[in-house]
Structures are given as C-alpha cells and as structure tokens.
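Okay, structure first, notes after.
Every number here is computed from the coordinates shown, using simple stated rules; none is lab data. Just so it is clear, the structure is predicted and the values come from calculations on it, not from any experiment. A quick note on method: Cβ atoms are made from the backbone with ideal geometry, for glycine too, and the neighbour counts reach across all protein chains shown.
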Amino acid sequence: MPDTPNCRLDGLSPADESAAEAEGDIALWDDLFSTLAEHHTPDGQHSFFVIHGGSATWGIPGAPQLIALHVTRDLTARTFRIEQANQPTVPFAQLWLTGRGCPPDTLQLPDDQRIEPADALTTRIERQIRHSGTRYETKDHYTHDSVPYETWVMVRDSDPSAANLPVRIFLEETNLDALTYTLREGAFRDGTSANQWLFDRDTPLPEPPEHLVSADRRTRAALARSTADRPATAASLPATPAGPSPSSGTPSHRRGGRP
C-alpha cells in the first residue's frame with residue numbers, strides 16, 4: 001500500500017488555527033490515508049498530495065473518497081498552512097492542486113499502484129480535465145463503491161465550444177476484474193436532462209459534438225496515413241499515355257474503348 005502522507009512539518013508551527021486543525025485531522029486519520037501521488041517543489045515551500053481517505057467508504061453514501069492537499073511553508077517564519085478539499089476523481093483532485101500552483105502533469109500515480117486506463121480516450125479526457133483551468137464548475141458528484149464501481153461528476157462548462165450543451169457529465173467506470181477503468185464525457189442542455197439520464201441510463205452517454213468532430217478528424221488522418229503508406233499497385237498507378245500508332249505514325253488521343 002502507498003505510504004501515509006509525509007507533510008514535512010518537522011520544526012514548523014501552524015500559521016493559524018485552521019492549519020493547526022488540519023494538522024490534527026491528518027494525525028488522527030493518518031492510518032486511513034493512503035498517498036496516491038505527491039509533488040514537492042525544489043525550494044521546499046510547497047507540497048501537493050492526492051490522498052485516498054479510507055473513512056469515506058463507510059461514511060455518507062456517494063461521498064468522494066479522495067483528498068487534494070496543499071501544504072505551504074514559510075521557511076523564514078518556520079510556519080505552515082494547509083489547504084485541502086474532498087474530490088471525486090483523481091483528475092479533479094489534480095485540477096484543484098493545479099489551481100494552487102502544482103504543475104498539472106507532475107501528480108501522476110505510479111504505474112505499480114493504480115488501475116490502468118482502458119483506452120486512449122480515457123487518457124485524453126483525464127488530461128483535458130487536468131489542464132482545464134477554471135473552465136469547469138462542479139455542480140454535483142457521486143461515488144458508487146460497490147458494483148457497478150463508478151463515479152460521476154456533473155459540471156457546467158464555460159468554454160465557448162460548449163455553449164449549446166453546457167452541462168457535462170464525466171463518468172468513470174472501473175472494471176476490477178480487468179484492473180482497468182474508462183472515463184467518458186456526456187453533453188446536455190441543462191441539469192434536468194443530465195439528471196434524467198443518470199436516473200434512466202436507457203441510452204448511451206451522449207458524446208459532446210467536439211469529441212465526434214475530433215474522432216472524425218483522427219479517422220480521416222489515419223486513413224490518409226494508411227493510403228500514403230500503401231505500396232503502389234498496377235491498379236493505383238496513373239495510366240501510361242499511349243504511344244504512336246504503328247499503323248498511322250500519329251499519336252492516339254483515345255482512352256479506352258475501341259479505336
């Protein structure tokens with residue numbers, strides 16, 4: 001199992017009451033915390049963590065199981081501050097920490113301590129979330145920690161490309177038999193239609209138009225590469241112009257057919 005978070009607070013004091021309370025919570029629950037990913041700045045002033053909180057599995061149904069934790073140290077005053085937020089999925093925890101100065105691609109889970117993305121689309125959507133800045137406003141989320149293992153996050157998307165379908169659902173589904181997971185994005189007109197889909201599940205998650213356009217571009221690019229790499233055959237070579245007619249000594253101007 002991953003280690004409990006080492007916040008590197010030796011020799012430092014809480015800068016305020018909030019920091020003291022956060023330090024106490026970490027000490028109280030550390031046996032239930034597992035560090036999934038961490039990043040420390042070279043100057044020692046900041047540490048960023050994605051943590052799994054084991055207590056959430058027997059808490060309020062649907063509660064998020066991840067904690068994004070940011071430690072700030074004043075090495076001159078020898079004090080520290082702690083910010084933390086419960087988050088539903090790893091990409092949203094990474095996004096929250098990115099907003100506090102963490103480089104977006106540094107908090108990667110070690111290969112031997114994670115369930116793998118099932119496909120390239122999952123990886124692409126995860127990166128999209130990590131690099132989204134203030135684009136997404138989280139409205140609701142739910143973590144289902146029994147079969148089916150899934151977490152969904154409902155957001156409002158402020159990007160101009162989403163103007164007609166601004167409510168998005170990110171649905172993460174885990175296959176524990178295969179030790180893989182998928183992440184998909186759905187697009188809706190409003191929260192009512194998004195909630196209706198979550199309740200009914202009688203149609204596939206409606207993909208955003210921009211995903212369909214992107215998939216079409218990738219398909220056309222793949223076809224173009226395949227055509228370019230294909231060896232030329234007699235059928236694909238341009239027709240060789242006919243030479244002079246043996247009988248007349250003049251060039252032929254006909255293509256195909258009988259003279």
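Per the Cauchy relation, a quarter of the hull surface: what is the mean projected area of the convex hull of the alpha carbons in the range 60-215, in nm²?
The directionally averaged projection comes out at 11.3 nm².
Which value, in debye to the nearest 20, describes the size of the charge dipole of the range 1-73 about its Cα centre when Lys and Arg Cβ atoms bear +1, Asp and Glu Cβ atoms bear -1, and nothing else is charged?
Working: 2 positive and 11 negative charges, 47 e Å.
Rounded to the nearest 20 debye, it is 220 debye.
State the answer as a single residue: which of V90, W58, L75 lies farthest towards the positive end of the charge dipole of the range 18-99, with beta carbon charges of +1 for Lys and Arg and -1 for Asp and Glu, about the Cα centre.
Most positive-ward Cα: V90.
At a 10 angstrom cut-off on C-beta neighbours, averaged per residue, how do the peptides 40-50, 81-91 rank from highest to lowest?
Going by the mean number of other Cβ atoms within 10 Å, highest first, we get 81-91, 40-50.
Give me the dipole magnitude in Debye, nearest 20, for the range 26-126 about the Cα centre, with unit charges on the beta carbon: positive for Lys and Arg, negative for Asp and Glu. Walk me through the intermediate numbers first.
Numbers: 6 positive and 12 negative charges, 78 e Å.
Result for the range 26-126 is approximately 380 debye, rounded to the nearest 20.
Below 12 angstrom from the Cβ of A187, what's the summed charge of the other residues (Lys, Arg +1; Asp, Glu -1)? Working shown, then result.
On the way: positive: R156, R168, R184, R189; negative: D157, D159, E185, D190, E207, E210.
Residues close to A187 contribute a combined charge of -2.
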